[in-house]
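Let me begin by presenting the structure, written as structure tokens, before commenting on it.
The values are calculated or read from the model by the stated rules, or taken from the named source; none is laboratory data. It should be emphasised that the depicted structure is a prediction, and the values quoted were computed from it without experimental measurement. Please note: Cβ atoms are built from the backbone with ideal geometry, for glycine as well, and neighbour counts cover all protein chains shown.
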Amino acid sequence: MSNEKRKVQSMRISDAEFELLKSTFSEREELLKTIRNLFFGLPITDDEKKQIRETFSGEALRKLMRKQFLPELQNDLPIGQAIDLWMTIDLKDKAPEQARYIVIARKLLIEMVEQSLKLLENPDLVPVDLTEWQIKEEAPDLVGTSLIARNTFISHTDQQLAVIRTLAGQKLETVEETKKRLLQDSSK
């Protein structure tokens, strides 16, 4: 056996994925807004579509976006990082009929995220229709469910883009740099 200690990953994303986020999104607020507009089905220019195609031409970044927006249970996740979108719904104290609508809404949310992630590879595909929640004659009882899915999709998208912006803006320090900074801070 090797004497090297195995580095324990503490975040859901690896160091390499973290660097990919940083190199792609650091100080690129407009790109994040373009992604949000694309996901929300808002108009984007041909130049913005070209930027999306170029940015997401590599499979690694598309996989990382999927991991961020649609986390799945995997066998190599760090302890405390196992989560998927099904785990974040609260059915406690809900009547069976209420629980049914909440579960349907979550299924719709996951479908919306799946559809949106495909836009990163091809921004000309049909985006999510955020007006779908409106009352439909064939399913008037699902209007609340559709509205829950719509609103959750909007907040989930914005939250994940905010997380990406935060991660991309973080500065990494070596142990030596941290020590030096702490020594400088303590002498002030």
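For this structure, a couple of remarks:
- Cβ-Cβ under 6 Å pairs, at least 6 apart or on other chains, the stretch 131-152 side buried (at least 18 other Cβ atoms within 10 Å of the Cβ), far side of a type in the set (D, E, K, R) and modelled with pLDDT under 80: Ser146/Glu132
- Filtered by the rule that a residue be aliphatic (A, V, I, L, M), assigned to a loop (DSSP other than H, G, I, E, B) and within 18 Å of the chain's Cα centre (by Cα), the stretch 90-126 gives Leu119, Leu120.
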